[in-house]
1. How many angstrom separate the Cα center of region 134-150 from the Cα center of region 44-91?
2. Counting other C-beta atoms within 10 Å, which of Tyr65, Tyr70 has the fewest, and how do the rest follow?
3. Once you have a ≥ b ≥ c as the square roots of the Cα gyration tensor eigenvalues for the chain, tell me rounded if a/c is under 1.5, and otherwise prolate or oblate according to whether a/b is larger than b/c.
4. Enumerate the helices in the chain for which the Kyte-Doolittle hydropathy averages 0.0 or more and the C-alpha atoms extend at least 18 Å along the helix's axis, using complete DSSP H runs.
5. Using 0.36 nm per residue of separation minus the Cα-Cα distance, give me the extension gain between Glu73 and Gln188 in nm, one decimal.
6. I need the shape label for region 1-101. Rule: rounded when a/c is under 1.5, else prolate if a/b > b/c, else oblate, with a, b, c from the alpha carbon gyration tensor.
7. Roughly how many nanometres apart are two label points built 7 Å out from the Cα toward the Cβ at Asp48 and Arg149?
8. Distance cut-off 19 Å, Cα to Cα: go down the list Lys144/Lys200; Lys35/Lys101; Lys62/Lys101; Lys101/Lys161; Lys25/Lys62 and report the pairs above it.
Amino acid sequence: MVRQGVRDRQVIIDFVNSAGKEASKAMNEAELVAKANLAVGLLRDEEDVVVPKEMTFASVQKLCYGGCLYEVESAEAARWLKIDANMRAFQRKFGLEVVVKARHYPVVLRNLPVSFDPSEAVSRQIEQENGWAARDIATIQWIKPPKRRREGQQTAFALVKFNSTKAANTAIMHGLIFCGQRIHAWRQAKEARRCLKCQKLEPGHMAADCTDVETCGTC
């Protein structure tokens, strides 16, 4: 349960270019935390952005490929930062070209009616029906494009990405309720990380740093 709570408070910040990566390498953990909190402070000065009181960065871990795994003070603060508009506002204030990556927990939903509308409003409705917090669901999308369904198909599979491990685990164990119907779910299997340039399966081997010849991933 302790580890689950920590994961709910984590966000990943990746540096877009080599200059950002070099700058982050030159900073220690205390300096990286201070830089993130400075960006939050600048956001608080914006009239059109309402920053939660608990939106404070507590710690950071440098990742092997150059990104940073940050922990904020609360799961609510992490959920706030994972909202697209808030992400973009924070990125502008950080001072280096960065991308905030939400840590999502993917779950597969089976046999959803094809009439299901995977919209923002429906995500909020599902959260209410299941007693989850607002924004526990990040996105819902069909696994197979609707245009590729067979004629007369009544149900299909969808992928829901959760911001909360608690909500994700509840869905996996008990399914979720939507419009009075219980929908069964299971955890999405993890795929091995592959370099998108040379296609090698090597931990920490990323396309941006790959010096091998480019290889087609489907040939």
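Any read-out appearing in this document is the output of simple, stated calculations on the displayed coordinates, not a laboratory observation. Keep in mind that what you see is a predicted model, and the values were worked out from it rather than measured. Backbone-built Cβ (ideal geometry, glycine too); neighbour counts: all protein chains shown.
1. 26 Å
2. Tyr65, Tyr70
3. Verdict is oblate for the chain.
4. 29-44
5. Working it through step by step, the gained length comes to 38.6 nm.
6. oblate
7. The modelled label-to-label distance comes out at 3.8 nm.
8. Cα-Cα > 19 Å for Lys144/Lys200; rest within.
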